[in-house]
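One structure is given here, and the rest of the page talks about it.
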Amino acid sequence: TEHVDHLSMKPKPFTPGGPPILYGGDSDVAVDRMARLCDGWIARTRFKPEDAEAFVSRLHPALKKYGKDPDTFPLQATVTASHDLEDLSTRFATFIDAGVTRLGIHLPGIHDMEADPVRMSVDDHLEMMRRIRQDVWASLV
């Protein structure tokens, strides 16, 4: 059994007014639709950190156009977990510097292992997450 501290689930099972609607997509049409209709943005899994700054610079004016505050509009992205902690830290920092306000980690799946199709055990995944939390996440928060 593994115990995890500081884990949250959002939205909570009941949210007055309904759960927030996060919208994915980064095309011009998606940006306008998101700013007009949604409560936040969630990046597609393979959204590149180096594209975040340009995306945010297009989103902010659209949010203002529809009377929304860019500083309170949540932007969420994920990074695939990796044993290369320096690279992982750089990818997180790039998202943070661009204005992404929520970050997550997803474990590598089959589609992420095409170049290195080594399957990891549950224990290996847990060890990777422990190292990321201790050596990367702690330096970002």
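The values are calculated or read from the model by the stated rules, or taken from the named source; none is laboratory data. Everything numeric in this text was worked out from a predicted model, so none of it was measured. These area figures cover heavy atoms from the full protein model, side chains too; ligands, DNA and RNA do not enter into them. Shrake-Rupley method; radii C 1.70, N 1.55, O 1.52, S 1.80 Å.
Observations on the model:
- 82, 27, reordered so the largest accessible area comes first (probe 1.4 Å): 27, 82
- Computed extension gain for residue 51 through residue 101, at 0.36 nm per residue and net of the alpha carbon distance, reaches 16.5 nm.
- Highest-fluctuation residue, 54, 98, 35 considered, GNM on the chain with Cα pairs under 10 Å: 54
- Between 123, 87, 28, the GNM of the chain built on Cα springs shorter than 10 angstrom shows 123 fluctuating the most.
- Within the chain, the proportion of Cα pairs with more than 20 Å between them is 54 percent.
- Build a GNM of the chain with springs between Cα atoms under 10 Å apart, and of 94, 78, 45 the one that fluctuates most is 45.
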